[in-house]
Amino acid sequence: MMMNNDWYTQQEVAELLGVSKQTVYMYAKQGKIKKIADPYRNIREVRYQKAEVDALVAQKNAEPVGYKPSEVAKYLGVTVQTIYRYIQEGLIDTHIIPYGDERTRHIIPEKGFQQAKEIIQEQKKKGIQRFEYYDSQLDVALFQKFSSDSISEARIARNKEHEWVFYLPGTGEIISLDEGFKTFCLQPSYPIHQETLPYKGYAQLRVPKEYQRIYELIDYFYRTWGIENVRLREEERIIRFWVKEGEMPFISPIPFEEIELFITDGKWWVRENVLMVLSAYRKTSVELPVSMLETIQEKAKENNMSMSQYIEHILTMFIYKNDMS
């Protein structure tokens, strides 16, 4: 019989490795640690050989310190897929750790975390990014409607870890995409792709989440304008719509008078069942001395703005100052 200084109980192994008992069981099944045989079941608790457990603990302690991709995604408010995309594109530092049979996992050091944070902050300055509302690999869009014979309405959403999931408005239940597709056979209720309109700027809507027909509004824009011409951003209490300048059929159960209440910029009107959207911005060209352009470029960079944003800021201050004098 082995002495107790030659083995650990399952609970002790779990505490040493910082994992659950179920994970300890899997480690033994994978051959990472050795379970002590007890054919006569004389010992109530499962035991594991000390040498293998100590080696696994030493290996874990030798691993680089950092974050899991899921932790970085949660801290920064993006999807795990976004963090893995940064890793694949070589944009952030990461350590590749062997894991199981021919598998690896990523540990992101503090430097990589800060790099990801800077990328996301920079993208937000440039405006809404496509990954915020659309996943090209899954071909799903934020709040897009799905249905099946057993579920009349499911919406694409994000859980607390910012992973794509299905949300059932009727019950408030959340199910994984895998369960939704395989178990409940959920299918898109409409196509979300349309021909891309020429870029001439965007107009905006700011819709409170408590608006009872917000999903119908989203369905209209996805179905009729397509994600190529509409962008969405979910905020704490509102959903912002960026709609590309252009015109599309207005076949919607929502009267235009209700949509008008949410317009924040641009011009919107309906004529003969066609919704027309005009951006609030217009391109213009101004000739300036090169030295002045260089100064504007430097000042814009100092203020974390684009040149257009900085010029608009200065002109706004000048105009309002003169109006008040």
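The values are calculated or read from the model by the stated rules, or taken from the named source; none is laboratory data. What you see is a predicted model, and the numbers here were worked out from it, not measured in a lab. With ideal geometry, Cβ positions are generated from the backbone for all residues, glycine too; neighbour counts draw on all protein chains shown.
Numbers for the structure displayed
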{"quantity": "Output for the range 160-187, where each listed residue is modelled with pLDDT under 90 and either among the polar types (S, T, N, Q) or loosely packed, with under 12 Cβ neighbours inside 10 Å (or both)", "calculated": "K160, G170"}
{"quantity": "Pairs with Cβ under 6 Å, 6+ apart, first in the range 45-60 and outside the structural domain of I96 (by TED's automatic domain parsing), second assigned to a helix (DSSP H, G or I) and β-branched (V, I, T)", "calculated": "Y48/V13; V53/V13"}
{"quantity": "Checking V286 against (1) in a loop (DSSP other than H, G, I, E, B); (2) modelled with pLDDT of 70 or more; (3) aliphatic (A, V, I, L, M); (4) surrounded by 11 or more Cβ atoms within 10 Å (Cβ to Cβ), the condition it does not meet", "calculated": "(4)"}
{"quantity": "Candidate set: the range 227-238, residues that are free of Cβ contacts under 8 Å to residues at least 60 places away in the same chain and in contact with a Leu (Cβ under 9 Å, 6 or more places away or on another chain); chosen: the one nearest to A141 (Cα to Cα)", "calculated": "E228"}
{"quantity": "The range 146-159 residues that are under 13 Å from S176 (Cα atoms), paired with ones that are assigned to a strand (DSSP E or B) and of a type in the set (K, R) (beta carbon under 7 Å, 6 or more apart)", "calculated": "R155/K145"}
{"quantity": "Condition check for S150: at pLDDT 90 or above and surrounded by 12 or more Cβ atoms within 10 Å (Cβ to Cβ)", "calculated": "no"}
{"quantity": "Test: residue in the range 61-73 that is modelled with pLDDT of 85 or more and within 25 Å of I238 (Cβ to Cβ)", "calculated": "no"}
{"quantity": "Verdict on H106 being surrounded by 16 or more Cβ atoms within 10 Å (Cβ to Cβ) and over 30 Å from K29 (Cα atoms)", "calculated": "no"}
{"quantity": "Residue satisfying all of: in the range 130-145; touching a residue at least 60 places away in the same chain (Cβ under 8 Å) and surrounded by 16 or more Cβ atoms within 10 Å (Cβ to Cβ); nearest to E71 (Cα to Cα) among these", "calculated": "E132"}
{"quantity": "Y190 vs. criteria within 21 Å of S279 (Cβ to Cβ), among the aromatic types (F, W, Y) and surrounded by fewer than 16 Cβ atoms within 10 Å (Cβ to Cβ)", "calculated": "no"}
{"quantity": "Condition met for V13 (at pLDDT below 85 and not acidic (D, E))", "calculated": "no"}
{"quantity": "Leading residue by the ranking (nearest to Y27 (Cα to Cα)) among those in the range 82-103 that are among the polar types (S, T, N, Q) and in contact with a His (Cβ under 9 Å, 6 or more places away or on another chain)", "calculated": "T94"}
{"quantity": "Checking V286 against (1) under 23 Å from F131 (Cβ atoms); (2) over 28 Å from the mean Cα position of the chain (by Cα), the condition it does not meet", "calculated": "(1)"}
{"quantity": "Top-ranked residue of the range 206-249 - restricted to ones that are part of a strand (DSSP E or B) and among the aromatic types (F, W, Y), ranked as surrounded by the most Cβ atoms within 10 Å (Cβ to Cβ)", "calculated": "F241"}
{"quantity": "So T264, is it at pLDDT 95 or above and either surrounded by fewer than 21 Cβ atoms within 10 Å (Cβ to Cβ) or over 15 Å from H193 (Cβ atoms) (or both)", "calculated": "no"}
